[in-house]
Amino acid sequence: MTNVNSDKLSSARFAEATDAFVEVFTASVDFDQRMAAQDIQGSIAHATMLAYCGILTDAERDDIIRGLTQIAGEIERGEFVWSIKQEDVHMNIEARLTDLIGIAGKKLHTGRSRNDQVATDIRLYLRHEVQQISAQLTRLQHAILDLAEQNADTIMSGFTHLQVAQPITFGHHLMAWFEMLCRDAERLQDCLKRINVMPLGAAALAGTSYPIDRYKTAELLGFSRPSANSLDSVSDRDFAIEFTAVASLIMIHLSRFSEELILWSSAQFDFIDMPDAFCTGSSIMPQKKNPDVPELVRGKSGRVTGHLMSLLMLMKSQPLAYNKDNQEDKEPLFDTADTLINCLRAYADMIPHIKAKKDNMYNSAKRGFATATDLADYLVRKGMAFRDAHEVVGLAVRLGIETGRDLSEISLAELQNFSALINEDVFSYLTLEGSVAARKHIGGTAPETVKAAIATARAAM
Ligand code: ARG
């Protein structure tokens, strides 16, 4: 009987050729060729293990390794011819291997299936991406620490509801971003534990009857261990979903950070000067300097969280074990990793060039009655109940609004009209410097505390 699909690897059972459109529709080589290096790495380890276990001869193993090494070179140099007829990265490489080395190439797939192969490739790919992402995240964290150090005693208004709330230091504000990124880095390392488990040996779904040594392959590939259940190994993509969830959180953090940089660089806030190299002008309005990088990062957070939804919905309703649905995992995953690395890199490059406009920051806190809570606390220390103090200060703020003065600019006599408990010493509490310096407990905004937090963070990095 002739094989109508003699150009396909697995199709002798078919009496009809694949429909031309279906061939294109079901192929993944256009995007999964991106995992070629991982595919070759996995195949070399698999062949090495097969020879170690006596399933291949040493000569066959050597031919396979030589052929795969040549293919890796062809791919790197852009000489490799990818064919949609071979459907995916795995079959393209295997077909080329057989062209190059003959019968030994056909033996590579012994005790293996594309199902455990693809799961392995994705894990190897993600492991590598997580390392790149972590490196960019660390760069960004260092940049934030440096900027925080320069601004440990730069006073600005802190906000709740985007209304002036209490004075804080800019260094303290930046250290909030640092803390968020610390948790992100921790989550990234944690998800790596579940990525770094080896599916090879699960074969199609039930394992293989060959006397393979999965510990050997895991060791060769640097996986922490072989996976514990063959069905689970080829079907679940929870590790990819988890990675995308971690990536989404990082992107949401960057998006919030972006929002602040955009607001702060506006004429209305005018808290920071954004580096020219990270902004663009307008094609029509000559005065414009647009914060493109933060805006784009904020926008890209939508795309990554969208990928998280895609992957979750991809998994939903899939019965065990492998289903072709899973081929749809790659594009969202690749784009998640690319987007995240690029955004982190842009941020790590940009943050060192941000300049705080210290006077504007200071004046914003002065204008907004930011020390109102300090006045209330002062009255409480003199024996007044907090709710009564809140009321008294409310009246003082109203006078300030009506007469266009900050609390520190209202005279002692006027303040004493609101409460006889107020003395000359009140003014040291109404200054912004006094207000921030008083918050010196751990986690507080006092310059001393911020410097200590930065030192602790540096030591921990
Ligand atoms: N291209 C496939 C994927 O991305 C590889 C696995 C194919 N397995 C199969 N039984 N059709 O998932």
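Read-outs: derived from the displayed coordinates by stated rules, not from any lab. Just so we're clear, the structure is a prediction, and the values are computed from it rather than from any experiment. Neighbour counts are summed over all protein chains in view; Cβ atoms, including those assigned to glycine, are modelled from backbone coordinates with ideal geometry.
Mind checking the log10 I(q)/I(0) for the stretch 158-203 at q = 0.21, 0.26, 0.28 Å⁻¹? Debye, one equal scatterer per Cα, no solvent, two decimals. The Debye formula, applied to the Cα set alone, gives -0.80, -0.92, -0.97.
May I ask what percent, to the nearest 5, of DSSP beta bridges between residues of the chain are antiparallel? Antiparallel bridges: around 80 percent, rounded to the nearest 5. Averaging the sequence gap over all C-alpha pairs within less than 8 Å and six or more residues apart, then dividing by the number of residues, gives the chain a relative contact order of 16 percent.
Just want to confirm a number: the relative contact order over the stretch 105-246, from Cα pairs under 8 angstrom separated by 6+ residues, in percent. Here the relative contact order equals 30 percent.
Dividing the C-alpha radius of gyration of the stretch 133-188 by 2.2 N^0.38 Å, with N its residue count, gives 1.26. Shown here is the pair-distance distribution of the stretch 152-288: with all Cα-Cα distances grouped in 5 Å bins from zero up to the longest one, the shares run 2, 8, 11, 14, 11, 9, 9, 7, 6, 6, 7, 5, 3, 1, 0 percent.
What translational D, rounded to a whole number of µm²/s, comes out for the stretch 324-461 from Stokes-Einstein when the hydrodynamic radius is the Kirkwood one over Cα pairs, at 37 °C and 0.692 mPa s?
My calculation gives 173 µm²/s for D.
Ranking of R225, R139, R237 by neighbouring Cβ atoms within 10 Å, starting from the fewest: R225, R139, R237. Counting beta carbons within 10 Å around each of E74, E186 and listing the fewest first gives the order E186, E74.
Taking only Cα atoms of the chain, what ratio of Rg to Rh do you get with Rh as the Kirkwood inverse-distance radius? My calculation puts Rg/Rh at 1.17.
Size check on the stretch 218-374: the Cα extents along the three principal axes, sorted descending, read 64, 47, 34 Å.
Which of the pairs K357/K440; K193/K216; K85/K324; K288/K357; K85/K330 have their Cα atoms more than 22 Å apart in this structure?
Pairs exceeding 22 Å: K357/K440.
Classify the stretch 1-135 as rounded, prolate or oblate, taking a ≥ b ≥ c as the square roots of the eigenvalues of its Cα gyration tensor: rounded when a/c is under 1.5, otherwise prolate if a/b is larger than b/c and oblate if not. It is oblate, given that a/c is not under 1.5 and a/b is not larger than b/c. Principal semi-axes of the equivalent ellipsoid, √(5λ) from the alpha carbon gyration tensor of the stretch 292-331, are 30, 9, 4 Å from largest down.
With no solvent and one point per C-alpha, what does the Debye sum give as log10 I(q)/I(0) for the stretch 65-152 at q = 0.10, 0.12, 0.21 Å⁻¹? Each listed q corresponds, in turn, to -0.44, -0.55, -1.09. With N as its number of residues, the stretch 229-315 has a Cα radius of gyration that, divided by 2.2 N^0.38 Å, comes to 1.55. Residues V22, V197, V436, ranked from the fewest to the most other C-beta atoms within 10 Å, line up as V22, V197, V436.
A straight Cα-to-Cα reach below 15 Å connects K355 with the aspartates and glutamates D146, E149, D153, E260, D270, D273, D276, residues fewer than 8 places away in its own chain not being considered.
Pairwise inverse Cα distances across the stretch 226-266, averaged and inverted, put the Kirkwood hydrodynamic radius at 12.7 Å.
Hey, if you drop one equal point scatterer on each alpha-carbon of the stretch 381-461 and run the Debye formula without solvent, what base-10 log of I(q)/I(0) do you get at q = 0.11 Å⁻¹? Here the Debye-derived log intensity ratios amount to -0.42.
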